[in-house]
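Throughout, read-outs are computed from the coordinates displayed, never taken from laboratory work. Just so we're clear, the structure is a prediction, and the values are computed from it rather than from any experiment.
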Amino acid sequence: MLKVGLTGGIGAGKSEVSRLLVACGAVLIDADRIAREAVAPGTPGLASVVEAFGEEILAADGSLDRPRLGAIVFSDAEKLSTLNSIVHPLVGARSRELEEAAAQDAVVLHDVPLLTENGLAPLYDLVIVVDAAPETQLDRLVRLRGMTEEDARARMAAQATREQRREIADIVIDNDVPLEELEQRVKDVWAELVRRSHASRPSPAE
């Protein structure tokens, strides 16, 4: 099993790279998806978040109002730390369960937005960073996700810097490119992951 950490700044295109790697054959463990499941209605995780931030972060149907919570935590480092201390242990435990269920020869892709910020690089055999210029990130967040420029800048500022992410990268995928070029770059990376996976397998006993 080759354990790969995938990360990148918000708006850098990490989700697209993740999708392309899964299409190549990677087994995906998506930290964001697990985090959403961890605070679904009726879960102990959601109860802990409400206890920390109050019932105003709930939508009318009892689910988590993500935009409202995001507006609270992404402009306040202490509150963001509080949220992370609730959610991250739950995500870690579920991620380990999913990894253990994967085939022994799998390339397991851990999609972790805050891999850099939380010092998680040592957990993986290698780390892939999806990189894009800050102006590209900002344009995508405003134009494609409908964020205000102020909200987009706040979310970018709450994450690690571009330089910090590149420092922990074993492989950097530049995503300031058209989709067709990105697809080819991802295929090249996949070939390298398969090569490393084969190289890491123990030799058959003689």
Quiz item: At 222 nm, what helix-only mean residue ellipticity would the chain give, in deg cm²/dmol to the nearest 500, using -39500 (n - 2.57) for each DSSP H run of four or more?
Solution: -16500 deg cm²/dmol
Self-check item: Percent RCO, i.e. relative contact order, over the chain, from Cα pairs under 8 Å lying at least 6 residues apart
Solution: 37 percent
Quiz prompt | Cross-link partners of K187 among lysines (Cα-Cα below 29 Å; sequence separation of 8 or more within a chain) | solution = K3, K14
Quiz item: Assuming a viscosity of 1.002 mPa s and a temperature of 20 °C, what translational diffusion coefficient in µm² per second does Stokes-Einstein assign to region 108-189, Rh being the Kirkwood radius over Cα pairs?
Solution: 154 µm²/s
Quiz prompt | For the chain, share of DSSP beta bridges that run antiparallel, in % to the nearest 5 | solution = 5 percent
Exercise. Subtracting the Cα-Cα distance from 0.36 nm times the residue separation, let me have the gained length for D174 to I72 in nm, one decimal.
Key: 33.6 nm
Exercise. Would you please state the base-10 log of I(q)/I(0) at q = 0.14 1/Å for region 1-85, with intensities from the Debye formula using one equal scatterer on every alpha carbon?
Key: -0.62
